Every structure is written in structure tokens, then in C-alpha cells.
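Below is one structure, written out as C-alpha cells; comments come after it.
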Amino acid sequence: MPYIGISTSKKLSDTQKDALKSALGEKISVIPGKTEKALMVDIADGHAMYFAGEKRELAFLDVRCYGSTEFANQKAFTEAAFAAVQQTTGLSEDSIYLTYSEFANWGTKGSMK
């Protein structure tokens, strides 16, 4: 199960949130074995965000995946995610940040995998 947490200073409409969720759901498939059916997306908008001591309009994506994948797949997803956030929020790519974490173990359905 992949998880994508999105924090942004932008206030998004429900339509924008749905569009972002759908775009990320489509793009997650560039990572082998990952699909929208198992994707959890958490969008937290309207946050006060600061970078280099200044309040700015930003977005931060925290991507977490069970298992490992090739760097090329991570890179392809990152580029697709940046494009989706840019298109949905109007933020420039220098205002978007992303981390990608992989986990050997993942808790689900009452147990650990």
C-alpha cells in the first residue's frame, strides 16, 4: 500500500483535491506493483508554511511505499507528482518538495507484513 501525505499552504477546493488524488492515483502505477486501488492519499491544505525563515506558498509530499523499487521508477513518479501538484495548485516546481521512503514491513489488516 502506498501512502502519499500532501501538506500545502494553498487552500484547495474539493474539486482540486479530487483532481490531485486522481492524478496521483494514475501516476502511482509507474512504480511496479502499485495501483490507485491500494493508494491512501491525505491532503492537508491551508497550512502556514515557512522556508528559509519566510512564509511562502509551498507543497510537501511524503510518499511511503511497502517494498522497494528502482531509482528510475521513483524518479518517474516524482516527476509525475510534481507535474500533478503544479497543474492542480499553480505552484512552481521550486515551491514543491517530496520525500520517498520505502519500508520492508507494513502494518495492515490487524497484522504486520
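Please treat every number below as a calculation from the coordinates, not as lab data. Note that the coordinates shown come from a computational prediction; the quantities given were computed from them, not determined experimentally. Cβ sites come from the backbone with ideal geometry, for glycine too, and all protein chains shown count toward neighbours.
For this structure, a couple of remarks:
- GNM flexibility winner over the chain from 80, 23, 52 (Cα, springs under 10 Å): 52
- The count of lysine pairs in the chain that are at least 8 places apart or cross chains, and whose C-alpha atoms lie under 26 Å apart, stands at 29.
- Mean Cα-pair separation over length for the chain, i.e. relative contact order, pairs under 8 Å, 6 or more apart, %: 34
- Only Lys, Arg, Asp and Glu carry charge here, each on its Cβ (+1 for the first two, -1 for the last two); on that basis the range 1-55 has a dipole of about 60 debye about its Cα centre.
- Here the spin labels are modelled as points 7 Å beyond Cα on the Cα-Cβ line, and at residue 76 and residue 92 they lie 3.0 nm apart.
- Cα centre as origin, Lys/Arg/Asp/Glu Cβ charges: the chain dipole, Debye: 340
- Cut-off 13 Å between beta-carbons: net charge of the residues surrounding residue 104, Lys and Arg +1, Asp and Glu -1: +1
- Charge dipole of the range 60-111 about the Cα centre (unit charges at C-beta), most positive-ward option of 90, 100, 111: 111
- Placing unit charges on each Cβ (+1 for Lys and Arg, -1 for Asp and Glu) gives the chain a dipole about its Cα centre, and among 72, 12, 39 the Cα reaching farthest toward its positive end belongs to 39.
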